[in-house]
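Here is the structure we will look at.
The values are calculated or read from the model by the stated rules, or taken from the named source; none is laboratory data. Keep in mind the model is a prediction, meaning the values are calculated, not measured. Here the Cβ positions follow ideal geometry from the backbone for every residue, glycine too, while neighbour counts run over all protein chains shown.
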Amino acid sequence: MSADPGNITVLQVLPSLITGGVERGTIEIAQAVAQAGWTALVTSSGGRLVPAVANAGGRHVTLPLARRNPLTIWRNAARLERLIRDECVHIVHARSRAPAWSAWLACQRTGAHFVTTYHGTYSEDLPFKRKYNSVMAKGERVISASRFISDLIMRQHQTEPERIRVIPRGVDLKTFNPAAVSGDRMMRLAQAWRLPEAAAIVLLPGRLTSWKGQGVLIEALARIDRKDICGVLVGSDQGRHHYSSGLVKQAEALGVGGRLRLVGQCDDMPAALMLADVVVHASVEPEAFGRVVIEAQAMGRPVIASDLGGPAETVEQGVTGWRVPPGDASALASAIEQVLGLGAEQRAALAMRARDAVHANYTVGAMQAATLDVYREVIGLA
């Protein structure tokens, strides 16, 4: 399909627009496409973030892309084929496996360019799972958020290095700016979350699911011989109430129930991070990137991260944060105590180094520009 440099249409496909880093990245790229003067389309099964697509200058098309049934995937391929033809789509950017299979088939039929972002490690615990995952390595260009994921793609799918582009996720430095967060915003959250006055706040952002390591943090809190620490778990359980209630029971059994808050989804993460004395990333499985780490660094917060996956690349030990072995509650407890023992000058110096690292390497603007360069590559405009 020939492309007019001034009239490129990019279609991003993903299961839904409810919450999460994939969804936010989709919206940020839609914004970049629109600002470039191109046409930005997003298709998903919908969700609360759909209005954000329009606010970014794009347009959303609802299709049942959250379903993994093979028949639905096949039918979605036909739906996407029609959409590509009707909207004269030049590039389809797939961000999740089931929609990617539909998109790949549609691109084969229409000649549209196919780009993927390999967003996760993707388990291979069932037969044929690697084959199912392999669609994320079929792009003319395969975007990865870290060197860790690039190595995984080459190892598991024998993808040629020249097709892979490492594009780290980015932070919006206007939004994640300590100077932009008012005391009123912080106070509202502190009151809504019933945070104890003068307590040291240890914040773990992330949806409530076992591999994010909330249970590891609870165990670490129980190992710290201080009563003035409050652990705050920020994130939705997405209907997995059994898991969230289990965290409460774990905290009560370990004697820290009164020092734990499960506060649900938060729509003001900059203010939430500013409330934190320590921000913890405790995932027990490797993450492709871990955007919460760089968001906390951008806010000048001390960060302790699991030493695996993307955060091993974004946290310089003792310089911009600390890394601990995943799942090691004792090591996490020791790191929390170390951070809480820092003096004001040490914290200020750490904050400056962390913010400088984010400004240099991990901005939304840089991510957007690099992604547009990938689009230009595949349509021959680079």
Checklist entry - Applying the selection to segment 235-251, what residues are out of contact with any helix residue (DSSP H, G or I) (no Cβ under 7 Å at 6 or more places or on another chain), surrounded by 13 or more Cβ atoms within 10 Å (Cβ to Cβ) and over 17 Å from Gln265 (Cα atoms)? => result Gly246
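Given the condition out of contact with any Ser or Thr (no Cβ under 6 Å at 6 or more places or on another chain), assigned to a helix (DSSP H, G or I) and not basic (Lys, Arg), answer yes or no: does some residue in segment 108-117 qualify? Spell out how you get there, then give the answer.
So in segment 108-117, the residues out of contact with any Ser or Thr (no Cβ under 6 Å at 6 or more places or on another chain) come out as 108-117.
Okay, now just the ones that are also assigned to a helix (DSSP H, G or I), so 108-110.
Applying the additional criterion that residues be not basic (Lys, Arg) yields 108, 110.
Scanning segment 108-117 turns up at least one residue that is out of contact with any Ser or Thr (no Cβ under 6 Å at 6 or more places or on another chain), assigned to a helix (DSSP H, G or I) and not basic (Lys, Arg).
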Checklist entry - Any idea which residue in segment 125-153 is nearest to Arg376 (Cα to Cα), counting only those that are surrounded by fewer than 17 Cβ atoms within 10 Å (Cβ to Cβ) and without any contact (Cβ under 8 Å) to a residue 24 or more places away in the chain? => result Asp151
Checklist outcome for this item: When segment 137-195 is checked residue by residue, the ones that are assigned to a loop (DSSP other than H, G, I, E, B) and among the aromatic types (Phe, Trp, Tyr) are Phe176, Trp193
Next on the checklist: Just to be sure before I move on: is Gly231 in contact with a helix residue (DSSP H, G or I) (Cβ under 8 Å, 6 or more places away or on another chain) and of a type in the set (Gly, Ala, Ser) in the structure I sent?
Outcome noted: yes
Checklist entry - In this structure, is Gly231 touching a residue at least 12 places away in the same chain (Cβ under 8 Å) and closer than 20 Å to Gln191 by Cα? => result yes
Next on the checklist: Looking at segment 4-21 only, could you name the residues that are surrounded by fewer than 19 Cβ atoms within 10 Å (Cβ to Cβ) and closer than 24 Å to Thr110 by Cβ?
Outcome noted: Asp4, Pro5, Gly6, Asn7
Checklist entry - Of these, Ala34, Ala40, Ala66, which one is outside any helix (DSSP H, G or I), touching a residue at least 12 places away in the same chain (Cβ under 8 Å) and farther than 24 Å from Ala288 by Cα? => result Ala40
Checklist outcome for this item: Among residues of segment 61-82 being of a type in the set (S, T, N, Q) and surrounded by 16 or more Cβ atoms within 10 Å (Cβ to Cβ), the residue nearest to Pro51 (Cα to Cα) is Asn76
Checklist entry - If you check Leu41, Leu17, which single one turns out to be under 27 Å from Lys212 (Cβ atoms), outside the structural domain of Glu295 (by TED's automatic domain parsing) and under 25 Å from the mean Cα position of the chain (by Cα)? => result Leu17
Item to check | Residues that are assigned to a loop (DSSP other than H, G, I, E, B), at positive phi and touching a residue at least 24 places away in the same chain (Cβ under 8 Å), drawn from segment 305-335 | outcome: Gly309, Gly327
Checklist entry - Failed condition for Thr110, given (1) of a type outside the set (D, E, K, R); (2) over 21 Å from Ser44 (Cβ atoms); (3) in contact with an Asp or Glu (Cβ under 9 Å, 6 or more places away or on another chain); (4) surrounded by fewer than 21 Cβ atoms within 10 Å (Cβ to Cβ), with all others met? => result (2)
Checklist outcome for this item: Of the residues in segment 206-249, those that are part of a helix (DSSP H, G or I), more than 19 Å from Ala331 (Cα to Cα) and either in contact with a strand residue (DSSP E or B) (Cβ under 9 Å, 6 or more places away or on another chain) or not basic (Lys, Arg) (or both) come to His241, His242, Tyr243, Ser244, Ser245, Gly246, Leu247, Val248
Checklist entry - Which one of these does Thr116 not meet: (1) surrounded by 24 or more Cβ atoms within 10 Å (Cβ to Cβ); (2) more than 23 Å from the chain's Cα centre (by Cα); (3) β-branched (Val, Ile, Thr)? => result (2)
Checklist entry - Of the residues that make up segment 342-360, is at least one in the same structural domain as Gly235 (by TED's automatic domain parsing), within 16 Å of Pro205 (Cα to Cα), crowded, with 19+ Cβ neighbours inside 10 Å and over 19 Å from the mean Cα position of the chain (by Cα)? => result no
Checklist outcome for this item: Residues in segment 252-297 that are closer than 12 Å to Leu189 by Cβ and part of a helix (DSSP H, G or I) total 7
Next on the checklist: So the check is Cβ under 9 Å with 6+ separation or different chains; which pairs have a first residue in segment 271-290 that's in contact (Cβ under 8 Å) with a residue 12 or more places away in the chain and a second one that's buried (at least 21 other Cβ atoms within 10 Å of the Cβ) and acidic (Asp, Glu)?
Outcome noted: Leu273/Glu295; Val279/Glu295; His281/Glu287
